[in-house]
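Here the structure is laid out as structure tokens; the discussion comes afterwards.
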Amino acid sequence: MNMRATTYISLFILHSSFFISHAVAQTGAPYIHDPSTLAECEGKYYTFGTGGGGLISDDGWSWHSGAERPGGGAAPDVLKIGDRYLIIYGATGGGLGGGHNGRILTMWNRTLDPKSPDFKFTQAVEVCASDGMEDQDAIDPGMLLDPVTGRLWVSYGTYFGTIRLIELDPKTGYRVKGNKEKDIAIDCEATDLIYRDGWYYLLGTHGTCCDGVNSTYNIVVGRSRSVEGPYLDNVGRDMFHGGGRMVIAAGDRKTGPGHFGRTIVDEGVEVMSCHFEADFDRSGRSVLGILPLLWRDGWPVAGKQFRGGTFEIESVRRGYSLELAVDFVRMQQERQRFWQMDSNEPLKSLPEQKLEEVIGNWPQGEIPLRCGDYMFRPHQHWTITPMPEAGGYLSAPYFKITIAGTDRALAATAAKELTTVPAFTGADEQLWRIEQLIDGTFRIMPKRIPGSDGINTRYCIYSAADSTPTLAEYNFHSDNSKWNMHHY
């Protein structure tokens, strides 16, 4: 075995041991409880939480404190309407202070940036309340601006009584005159409303709250053709009678997901936000979670945060594998004619082709890419490693992609083509954004294309023909833009 092959195998062992670790979490200080739906303002992301304040992120991956909102209280939500941001929050309630007399208020701001000269909240306006005597609690509001009708709806409430629906004026944030609240669900709290493809979805947080690692929070959903319900789950149970299909439960050493929010990143690219009541790897603190949002048979389901590993990267267009454009090396095999096979002869396991058997035949410099039939070969196996120090985007850090067992890295070129360079340097064109789409497939985009300005958000790895990968504009409706990841 030559020295170069020995070095590559040592690197492969290091890579393999790395992926025994847990999933990468949002970086920075993402500590929050009851986060609002994520909002984008002037190139930054914001979310607000219980108790006032909230988090800010420059890229959607690393979060820090600094968001501001007056009023304190609990479980706010935020929604951009026109060129303004509407904030809604519960002033009391939820048993805070020993009672269920709650008030829900709205206020406006032209910006969410507390350093902007335009940052000034309007006077808060009450839109509903509970007196602490009735079987109802005015807390945990969530907003939906109906994209079909333009009407603005709010769901609110807790286990103490029902989840209720009211309508606000989207121009003022006031309650629509004469609007009568309607009960639409029970046995949940921290609800949110979303709309998709003719369906209204009510997302509710079920289980126990505020008990750290012992919290049993999870998020369930029902849907209806009318925003006023009834909201039924996947087996026809009404959420007004305790129904709800699971969207996300505990996982990846985090318990108690609650307070759902949906963010559309691009066509076919969506994420969900929530808090986890306890992160076992962060002292059991309540943390912000951002995960891919998938849609299966018309139902929202939380995806898994992509964490890397060693994969076959397969084109959805044809099912061919992304591979180095190197000569195919045949494997030696003792073969028997099928009509002469002895059924009593012991079977044996055949070894796969090894990297050190072929790497000496590869060129030393850059090697281009192609797609081909998957054959379990070293030039078809890619190790994908998270690079959180290089920043990220909503749901994940950037990744490096190398041929397994080597430091040969996938890179974008100024001509919007693909190549591999002999060694990873950390350059932006060698960093990759990998997002799971709503149908479960993936898009893979370089962080930056050489010679182009700014972060790339348009061009992805694209199967221009059955065997020709390139970079082209992302199109969710084309399988050319989509790839599957199969663990090797």
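Taken together, the values in this text are just the output of simple stated rules run on the coordinates, not laboratory data. This structure is a prediction, so every number in the text was calculated from the model and none was measured. With ideal geometry, Cβ positions are generated from the backbone for all residues, glycine too; neighbour counts draw on all protein chains shown.
Taking 0.36 nm per residue of sequence separation and removing the Cα-Cα distance, the residue 151/residue 182 pair yields an extension gain of 9.6 nm.
For Cα pairs less than 8 Å apart in space and 6+ apart in sequence, what is the mean separation divided by the residue count of the chain, i.e. the relative contact order in percent?
Values: 1285 pairs, mean separation 53.8, N = 488.
Value for the chain: 11 percent.
Shape summary: the range 33-95 maps onto an equivalent ellipsoid whose semi-axes, from the alpha-carbon gyration tensor, are 20, 14, 8 Å in decreasing order. Spin-label pair residue 64-residue 361: with each label point 7 Å from Cα along the Cα-Cβ axis, the two points sit 5.2 nm from one another.
Please give the FRET efficiency for residue 334 paired with residue 466, using the beta carbon to beta carbon distance and R0 = 41 Å, rounded to the nearest 0.05. Before the final figure, lay out the partial values.
Values: r = 33 Å, r/R0 = 0.80.
After rounding to 0.05, the efficiency reads 0.80.
With 22 Å as the limit, the listed pairs 80/115; 254/400; 44/416; 44/447; 120/171; 44/171 have 254/400; 44/416; 44/171 beyond it between alpha carbons. Once you reduce the range 184-253 and the range 398-452 to the center of their Cα atoms, the two points are 38 Å from each other.
Mind checking the full-extension length gain between residue 427 and residue 225? Use 0.36 nm per residue of separation minus the Cα-Cα distance, one decimal, nm.
Numbers: separation 202, 0.36 × 202 = 72.72 nm, distance 4.88 nm.
Extra length from residue 427 to residue 225 when fully extended: 67.8 nm.
Tell me, what is the percent relative contact order of the range 28-302, built from C-alpha pairs under 8 Å that lie six or more residues apart?
Working: 805 pairs, mean separation 34.7, N = 275.
The normalised contact order for the range 28-302 reaches 13 percent.
Take the Cα of residue 479, step 7 Å toward its Cβ, do the same at residue 457, and the gap between the two points is 3.0 nm. In terms of its C-alpha gyration tensor, the range 104-246 comes out prolate, because a/c is 1.5 or above and the ratio a/b outweighs b/c.
Rounded if a/c is under 1.5, else prolate if a/b is larger than b/c, else oblate: which is the range 250-317, with a ≥ b ≥ c the root eigenvalues of its Cα gyration tensor? Let's see the in-between values first.
Details: a/c = 2.51, a/b = 1.42, b/c = 1.77.
Here the range 250-317 falls in the oblate category.
Full extension of the chain between residue 216 and residue 171 yields a length gain of 12.4 nm, computed as 0.36 nm times the residue separation minus the alpha carbon distance. Across the options 147, 122, 52, the greatest Cα extent toward the positive end of the charge dipole of the range 28-302 (unit charges at beta carbon of Lys, Arg, Asp, Glu) belongs to 122.
What shape does the range 201-321 have by the C-alpha gyration tensor, where a ≥ b ≥ c are the square roots of the eigenvalues, rounded means a/c under 1.5, and otherwise prolate means a/b greater than b/c and oblate the rest? Verdict is oblate for the range 201-321. Helix 3-18 axis versus longest C-alpha principal axis of the chain: approximately 20°, rounded to the nearest ten. The residues 381, 259, 486, when put in order of fewest to most other Cβ atoms within 10 Å, stand as 486, 381, 259. Sparsely packed loop sites in the range 295-344 (the trypsin sites (Lys or Arg not before Pro) outside DSSP H, G, I, E and B with at most 11 other Cβ atoms within 10 Å) comprise 330, 335, 337.
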